[in-house]
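Down below is the structure, laid out as structure tokens.
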Amino acid sequence: MNRQAFLASIVARQEAWDIAVIGGGATGAGIAVDAASRGYSVVLLEQSDFGKGTSSRSTKLVHGGVRYLQQGNLSFVIESLKERALLLQNAPHLVRDLEFVVPNYLWWEAPFYGVGLKVYDLLAGKYGFGPSKILSREEVLKHIPTLEQDGLRGGVIYHDGQFDDSRLLINLVQTAAEQGACVLNYARVTSLRKDSDGSVSGLAFRDEENGRDHNVRARCVINATGPFCDELRRLDDSAAAPMIAPSQGVHIVLSRDFLPGDTAIMVPHTRDGRIMFAIPWNGHVVVGTTDTPIPAVSLEPKPLEHEIDFILDTAAGYLSKHPARADILSVFTGIRPLVKTEANNKTATLSRDHTIQISKSGLLTIAGGKWTTYRKMAEDSVNQAIVLGRLPERPCVTKNLPVHGFLTPTKTLGPLANYGSDAGQIAELMRQQPELAKPLHEALPICGAQIVWSAKHEMARTLDDVLARRTRALFLNARAALAMAPAAAKLLATVLGHDEAWQARQIADFNEIAAAFLPSQ
Ligand SMILES: Cc1cc2nc3c(=O)[nH]c(=O)nc-3n(C[C@H](O)[C@H](O)[C@H](O)COP(=O)(O)OP(=O)(O)OC[C@H]3O[C@@H](n4cnc5c(N)ncnc54)[C@H](O)[C@@H]3O)c2cc1C
């Protein structure tokens, strides 16, 4: 993973790529893995860092989706549960089985949710993570001692998957590169190139690090820009009607004191009729999410005050210790790439959840879906790209393709467990340079070796890349991330060959980004 080398090979290439992918989130990275592993030549371009968009801001669940069960979308739940099992099989270092309790405070909840979650087990079939079970009040409290006890009657326990979204994303980009794809971050696509007959034949992108423009020729161009896909569609056709109805979701992060065990809470029906989770994650607790329609998309969406209040109020109904604003360590916001139903009239919907649209000029746009189903979305997109680009037919191989870092988890890796098979090399770096083994802040088990590793091997380019997505410092504790910024900037500058002025600019930029992760008091 060397940015300079990838850029050089893009610039040097005379012939057309089989597939050019725009967008380095779960969808684009998945497509690059799928296409490269089938043996096609692939270039992936991301305007910012890999995973900067929605794909680092999810609830971090690999799940069938209890919500879709409630909506009666059973075929989608079955597809998602199958993908959940494939992800656990192919990335066991990042995906794990997690127990969830649905606490019951009303008499009808135990039989109602008990039956619903038995249906969930049934739909998972041989891909199930474990059976659901009705629990007594005492059993519920054994799993979650900090649950609100007033009126608690019992609960239902079930299993689903959990993961680290941006770590999986980076590992997918690495997998794509290992399969032969050329991947470039900080490369913003600025226009599409067309043949004399008006069909898309390539694109132009700007290297955001130096402002230089480059052209790429491709037999098929895939727009995998998630919530941003309408901007790209308008580069193709200025009159394109919007496909996306953007909506944002907010999560708050609290200390483990609020939920000390290894079991998550699932609230199936909040005041506004949504599902809410409180989930143990990386030594902290993530609580969310909201669903607020927004007029425009941005790379740094900001939480709204009423969304934070809503999460705190809902959490207070279920936790014995009520969280307040001062307890929030970080707050993060992501934009759902929801596809408008009106737009579906003219699209080929391959599943009820994600939508593939092919424009008159042959631009393939894939939107919607969720992290859990990224592999299936990629398979469907590449199957269409083969037809559009007149590429030789080759079967998809990703069902059994291990993701970079593949390693059956062991307890011995400690805080480096999420790096899977790379953990040994990072530990070796710490042995060789003990100053890199020290935590950069007392509140988080993140050390200098991780910063050095991500700059050398994971194409991290900025302070935000290392503190938000290669490590999860910003998402776990925004104040701690700000405090470790100068030390991390220095390490990054040493590896990437930058001076003190660069470090100062990085710290200033990071301060601005981190402001959106700190709630007002
Ligand atoms: C609050 C929330 C919680 C969620 N929780 C879950 C969950 O628990 N489990 C689950 O399975 N799913 C979940 N999802 C859904 C899942 O996160 C998304 O479906 C998925 O991340 C979308 O990925 P994407 O690649 O399509 O979009 P993105 O991750 O947004 O990627 C699109 C990329 O395109 C890039 N881009 C845009 N324009 C250009 C350009 N001109 N040139 C180059 N690049 C460009 C952007 O910078 C961005 O990185 C959640 C979503 C939200 C909002």
Whole-percent carbon and sulfur contribution to the accessible surface of the range 400-521 (1.4 Å, no ligands, DNA or RNA) stands at 57 percent
What net charge is computed for the residues neighbouring F112, neighbours being all others with C-beta under 13 Å from the C-beta of F112, Lys and Arg scored +1, Asp and Glu -1?
-> +1
Residue-normalised value, i.e. accessible area per residue, for the range 203-308 at 1.4 Å probe, in Å², stands at 38 Å²
What number, in percent, do you get for the relative contact order of the range 385-438 if the mean sequence gap of Cα pairs under 8 Å and at least 6 apart is divided by its residue count?
-> 19 percent
Rolling a 1.4 angstrom probe over the protein heavy atoms, how many square angstrom per residue are accessible across the range 1-160?
-> 37 Å²
Electrostatic dipole magnitude of the chain [Cβ: Lys, Arg +1; Asp, Glu -1; Cα centre; debye, to 20] | 780 debye
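Can you give the relative contact order of the range 1-131 as a percent, counting alpha carbon pairs under 8 Å and 6+ residues apart? Intermediate results must be reported in sequence, preceding the final value.
Working: 100 pairs, mean separation 22.2, N = 131.
Value for the range 1-131: 17 percent.
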Could you order M243, M430 by accessible surface area, starting with the largest, using a probe radius of 1.4 Å?
-> M430, M243
Just in the range 424-484: which GluC sites (Glu not before Pro) are loop by DSSP and have at most 11 other Cβ atoms within 10 Å?
-> E442
Carbon plus sulfur, as percent of the 1.4 Å-probe accessible area of the range 13-57, comes to 38 percent
Where the accessible area of the range 65-143 is counted over protein heavy atoms with a 1.4 Å probe, how much of it, in %, is carbon and sulfur?
-> 64 percent
Within the chain, what's the longest run with no chymotrypsin sites (Phe, Trp or Tyr not before Pro) in a DSSP loop and at most 16 other beta-carbon atoms within 10 Å? Give the range, please.
-> 109-521
Can you pull out the trypsin sites (Lys or Arg not before Pro) in the range 266-333 that DSSP calls coil and that have at most 15 other Cβ atoms within 10 Å?
-> R271, K321
For the range 113-218, run through the trypsin sites (Lys or Arg not before Pro) and keep only the ones in DSSP coil with at most 10 other Cβ atoms within 10 Å of their Cβ.
-> none
The chain: relative contact order in percent, alpha carbon pairs under 8 Å with at least 6 residues between = 19 percent
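The values are calculated or read from the model by the stated rules, or taken from the named source; none is laboratory data. This one's a predicted model, so the numbers in the text were calculated from it and none came from an experiment. FYI the Cβ positions are ideal-geometry reconstructions off the backbone, even for glycines, and counts take in every protein chain you see. All accessible areas refer to the heavy atoms of the entire protein, side chains included, with ligands and DNA or RNA removed. Shrake-Rupley method; radii C 1.70, N 1.55, O 1.52, S 1.80 Å.
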